[in-house]
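The values are calculated or read from the model by the stated rules, or taken from the named source; none is laboratory data. Just so you know, these numbers come straight off a predicted model, no measurement behind them. We place every Cβ from the backbone using ideal geometry, glycine too, and count neighbours over all the protein chains shown.
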Amino acid sequence: MDRRSATAIAPRAQVCLLLEGTYPYVAGGVSSWVHRIVSDLPEVSFALLHIGAVRGSYGAPRYTVPANVTELSELYCQTGPSPGPADLAARRELERRIHRVRRHRGPVSASRTLAALRRMHLGEGVDDALVSDLARADLSIAELLHSDAAFAVITELYERLAPDAAFLDFFWHFRAMHAPLLRLLAAPVPDADSYHTVSTGYAGLVGAVASVRTNRPLLLTEHGFYTRERDIELSRAAWIRDPDPGDPRIPNPRPSPLRRFWSRGFAALSRIAYHQAQSIVSLGDNLRQQQMSYGAPADKLLVIPNGVAVPASAVGATGKRAPADPAEPADPADPGDRSRALRVGFVGRVVPIKDVATFIKACDLALRSVNLDVHIIGPDDEDPAYARRCKALVAMLARESHIRFVGPKPAAQIYAELDVVVLTSFSESQPLVILEAGAAGLPVIATDVGVCREMLEGRTGDDRALGPSGRVTRVADPEDTAAALTELAGSPRLRAELGEAGRARVHAYYRSNQMIDRYRALYRATLEA
Amino acid sequence: MRADQQSLAAVATAGASEVAAVLLLAVQPHAWAVLPSGLLHVVAVASLLRLREVAPTRRQLAAAMAFCLPLIGIAMAALVVGLRGRSGDELLAGHGPVRRAASGAELTRRLTAGAPTCQILLSADAETRRSAIAALQRDPDARAIALLRWSLAQPGPDLALDAALALEELSVRHAERSAQACAEADRRPARDSAIAAAEELASAIHNGLADPALRPAIAARARDYYRRAAELDEHRAPELALSRARLELAMLDPEAALALIEPVLHTAGDPQLRELHRDAAHAARRFDLLARADASPAVAVADRAPCPAPPAHDPPCAGEPSVARPAVVVTWHASESEWLHGSA
């Protein structure tokens, strides 16, 4: 366990926000949401607990923490590298500890936490007893790593869950999965009247056990699906070795045993958070349905969409300037060509999940029939290799004069310089970009992920009556996105209509103060309960 | 002093003590000599027990041997101390995935009870679906890519997401491999490295990994490397005809493919080249070339070029624009991807 607190003695906060790999150290949609909640609820005192992997993996805070934050703590669930074989002193110390553990614990352990970990993997459901046993945190890491009882559990789980895998692989994966869990279970959590986690996973687990120990309520707001995001990572993880699948020409639907073991572990963490949470907030109906499919009880679910600040002057304002005539193919040789082009923006981090490559390909296809001035706006330092690949793609397509990487910009500047916003993400929940573009009266082309469709076409009957505020396209389909771009480039009137519908929709359903009011009421009800 | 030297010194001390003990008993076979001899034996054992540089289990084993077997035990202890095995870390770092040959029964079960890949991809069980995607990713031939692209268009968002990520991963890997091959060809210009770069680039066109937007650019680069390979060894340039023609045919330009094959068709005598020539002739609707390809080599070489003037309604010869000509796909063999796409 490795926790440090910014303040030595802090008064008890009303809400402790549990943040995994996000605010205030990482910029992005979730961090923006947290910052808005904390800033716009000055009457509520917050304690922030940031959970990360290894100390030093985050830089300086990206946000200025507001004054109503009474405590900012950090919790790291992984330690540095273990001593190498040449470090004899460290090895001797380790041997002494193993000997101590073995002397005190026989093959049958009294640890309820160990029994809970076993049930977590073998059982389908989560109950109060399971969460309560985890909250006891009566299993040390030394016992997990070296006791006969833990080895017996590993052996049993191996035989029942992953007999196709090599035992040695399973053994090390079990250790790698559970050591961080035990560190988190043993870690002190800021004292607060309620706990609010913005994801399931490790943050959800910490919130659940804190809620049990203090008998105080837990709220859960899910911006994305932790289990699915981990599944995506697991399916691509090179550090998991699979058994030989045999002849690739013959279908073999047997899932990889170790990936399945990890996946079920993360799914169990989500179910623990769902079980312990008093209320579970979804960002949209589509996401709510998916949460239920992952095991969230329907009676705890409520929908509070994200919101953005809408200036009063924006309501009823006319659309942006229409370019002179973008409905002509681009002429790279013409320097004045850009002034007549449709200004298309991709707003977001240049990372694989945003599928910037598809956006570039779509723009290339559209540029064959219409004139575009394409801006890729957002940081490209998170995945430099991917950013290099995207830039190489632009160069290979010889579109450097039409597709430009302009880096991050202040939100106020972004939308004033665009005519259309495009989002080609593989996965999203409720992207703020769509709301910001809508507030600015810009039409949006977005892939059919998360709740993008209901954000662009309407969620309820009244909402749908406002008309579409953009076009929904298929994932990883440059032709589909290019067709939508060409359609919008060819019709200034359509762009204006879509933009107005977006502005009206954001004003009616996605205003920041609506979201804040609903969270204020939720916190009040939770604290009073 | 290094650990090895310390071990050696300890074993030497133990050995010297042991020899002294035995000599003492041999020279002075009296009762009083037993005590100092025993003390020397204990010193020998103790010096081995003080070997902090070796693992405790090995140290104890060495001491036990020295204690139980006077003189001989020291030699065995020296062996125990001196042995160097592979550590667990090395074993872990080097071990590969479990290789287990599928039994005949297992293969039969999969062939008879297993659902077709399309059906597995549409499975509601995420783990089953992902394992099917992973299998396609492991062996990304044209069929696998077609299935992944087909998955993108299916209604389930999770399937589309998994397929999109798999295609992205394959694209990244291909980009890395081709960048590496091109860099190698640029660094050390040689026929083989240029061919390797061209083949790597062209593979994305042959298996369908390259998007329509990227195909022309990738093909242009592949052509460039083929051209370099031909220039680097002009005598063997005809050997490249098959690869270059395949690329042109994949780029739906059968006229260009014919132009590459025709000059070498009968000199090369390669059945694959003949088959490709037939495919290209069909695709270009140059049915007159089919008869010539089957004719004797001498005749064919004699009347190889130029192309006869086409009838008024026939497509033009190589070199003329062929954009309006419908492409005829003739290189597909019956496979799952064929019915996925519908009739060509």
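With the condition being more than 28 Å from A:R96 (Cβ to Cβ), I'd like the helices (runs of 4 or more DSSP H) fully within region B:1-70 carrying at least 2 qualifying residues.
Output list reads B:3-27, B:34-49.
Of all strands (runs of 3 or more DSSP E) completely enclosed by region A:403-508, which ones contain at least 2 residues that are surrounded by 21 or more Cβ atoms within 10 Å (Cβ to Cβ)?
Per the criteria, A:420-423, A:444-447, A:470-473.
Among the listed residues A:P11, A:P66, A:P61, which satisfies the condition of being under 20 Å from the mean Cα position of the chain (by Cα), touching a residue at least 12 places away in the same chain (Cβ under 8 Å) and part of a loop (DSSP other than H, G, I, E, B)?
Details: A:P11 fails: under 20 Å from the mean Cα position of the chain (by Cα); A:P66 fails: under 20 Å from the mean Cα position of the chain (by Cα).
The unique qualifying residue is A:P61.
Taking the condition at pLDDT below 75 and within 14 Å of chain A (Cβ to nearest Cβ), does B:A113 pass?
For B:A113, the condition - at pLDDT below 75 and within 14 Å of chain A (Cβ to nearest Cβ) - is met.
Just one of the numbered conditions (1) crowded, with 22+ Cβ neighbours inside 10 Å; (2) modelled with pLDDT of 90 or more is not true of A:D193; which one?
(1)
Mind counting the residues in region A:396-407 that are more than 11 Å from chain B (Cβ to nearest Cβ) and either under 10 Å from A:V350 (Cβ atoms) or without any contact (Cβ under 8 Å) to a residue 12 or more places away in the chain (or both)?
3
Which is within 14 Å of chain B (Cβ to nearest Cβ) and among the hydrophobic types (A, V, I, L, M, F, W, C), of A:L393, A:L432?
Just one listed residue meets the conditions, A:L393.
Could you check, for region A:473-486, whether at least one of its residues is hydrophobic (A, V, I, L, M, F, W, C) and under 25 Å from the mean Cα position of the chain (by Cα)?
Yes, because at least one residue in region A:473-486 is hydrophobic (A, V, I, L, M, F, W, C) and under 25 Å from the mean Cα position of the chain (by Cα).
Give region A:110-148 a look and list any residue that's outside any helix (DSSP H, G or I) and within 22 Å of A:R260 (Cβ to Cβ), or say none. If you could, list the steps in order and put the result at the bottom.
To start, the set of residues in region A:110-148 that are outside any helix (DSSP H, G or I) comprises A:110-111, A:123-127, A:137-140, A:147.
The answer is A:G123, A:E124, A:G125, A:V126.
Could you check region A:150-193 and list, in sequence order, the residues that are of a type in the set (A, V, I, L, M, F, W, C) and within 13 Å of chain B (Cβ to nearest Cβ)?
Going through region A:150-193, the residues of a type in the set (A, V, I, L, M, F, W, C) turn out to be A:150-154, A:157, A:161-162, A:165-168, A:170-172, A:174, A:176-177, A:179, A:181-182, A:184-187, A:189, A:192.
Matches in region A:150-193: A:L161, A:A162, A:A165, A:A166, A:F167, A:L168, A:F170, A:F171, A:W172, A:A176.
Sort through A:D448, A:D380 and tell me the only one that's within 12 Å of another protein chain (Cβ to nearest Cβ) and either of a type in the set (D, E) or at positive phi (or both).
Matching residue, one of A:D448, A:D380: A:D448.
Six or more apart or on different chains, Cβ atoms under 6 Å: show the pairs whose first residue is in region A:151-174 and under 14 Å from A:S256 (Cα atoms) and whose second is aliphatic (A, V, I, L, M) and surrounded by fewer than 16 Cβ atoms within 10 Å (Cβ to Cβ).
Listed by first residue and then by second, the contacts come to A:A166/B:V98.
Identify, from the list A:G316, A:G284, the residue that is away from chain B (no Cβ under 14 Å) and at pLDDT below 90.
A:G316
For B:S131, indicate whether it is within 12 Å of chain A (Cβ to nearest Cβ), buried (at least 17 other Cβ atoms within 10 Å of the Cβ) and under 22 Å from the mean Cα position of the chain (by Cα).
Numbers: within 12 Å of chain A (Cβ to nearest Cβ): yes; buried (at least 17 other Cβ atoms within 10 Å of the Cβ): yes; under 22 Å from the mean Cα position of the chain (by Cα): yes.
Answer is yes for this residue.
Would region B:222-245 turn up any residue that is under 24 Å from the mean Cα position of the chain (by Cα), within 14 Å of chain A (Cβ to nearest Cβ) and buried (at least 17 other Cβ atoms within 10 Å of the Cβ)?
yes
Which of (1) out of contact with any His (no Cβ under 6 Å at 6 or more places or on another chain); (2) part of a helix (DSSP H, G or I); (3) surrounded by 22 or more Cβ atoms within 10 Å (Cβ to Cβ) does B:A210 not meet, given it meets every other one?
Failing condition for B:A210: (2).
Return yes or no: is A:V26 modelled with pLDDT under 90, among the β-branched types (V, I, T) and closer than 27 Å to A:L432 by Cα?
Criteria met by A:V26.
Taking into account only those residues within region A:292-312 that are at pLDDT 90 or above and not in a loop (DSSP other than H, G, I, E, B), which is surrounded by the fewest Cβ atoms within 10 Å (Cβ to Cβ)?
Among those residues, the one meeting the criterion is A:D299.
Report whether or not A:L19 is at pLDDT 90 or above, surrounded by 19 or more Cβ atoms within 10 Å (Cβ to Cβ) and within 29 Å of A:A149 (Cα to Cα). First the steps, then the outcome.
Working: at pLDDT 90 or above: yes; surrounded by 19 or more Cβ atoms within 10 Å (Cβ to Cβ): yes; within 29 Å of A:A149 (Cα to Cα): no.
Taking the combined requirement at face value, the residue does not satisfy it.
Tell me whether region B:141-153 contains one or more residues that are at pLDDT 85 or above, within 11 Å of chain A (Cβ to nearest Cβ), touching a helix residue (DSSP H, G or I) at 6+ places or on another chain (Cβ under 7 Å) and in a loop (DSSP other than H, G, I, E, B).
Checked region B:141-153: no residue is at pLDDT 85 or above, within 11 Å of chain A (Cβ to nearest Cβ), touching a helix residue (DSSP H, G or I) at 6+ places or on another chain (Cβ under 7 Å) and in a loop (DSSP other than H, G, I, E, B).
Within region A:347-377, track down each residue that is in a loop (DSSP other than H, G, I, E, B) and either over 14 Å from A:L423 (Cβ atoms) or more than 14 Å from every other protein chain (Cβ to nearest Cβ) (or both).
The answer is A:G348, A:R349, A:R368, A:S369, A:V370, A:N371.
Counting just the residues of region A:248-273 that are at the interface with chain B (Cβ under 9 Å from one of its Cβ atoms), touching a Leu at 6+ places or on another chain (Cβ under 7 Å) and over 29 Å from A:Y23 (Cβ atoms), which one comes out modelled with the lowest pLDDT?
A:I250
List the number of the failed condition for A:A208; all other conditions in (1) under 21 Å from A:A13 (Cα atoms); (2) surrounded by fewer than 24 Cβ atoms within 10 Å (Cβ to Cβ); (3) in contact (Cβ under 8 Å) with a residue 60 or more places away in the chain hold.
In the conditions (1) under 21 Å from A:A13 (Cα atoms); (2) surrounded by fewer than 24 Cβ atoms within 10 Å (Cβ to Cβ); (3) in contact (Cβ under 8 Å) with a residue 60 or more places away in the chain, A:A208 misses (2) alone.
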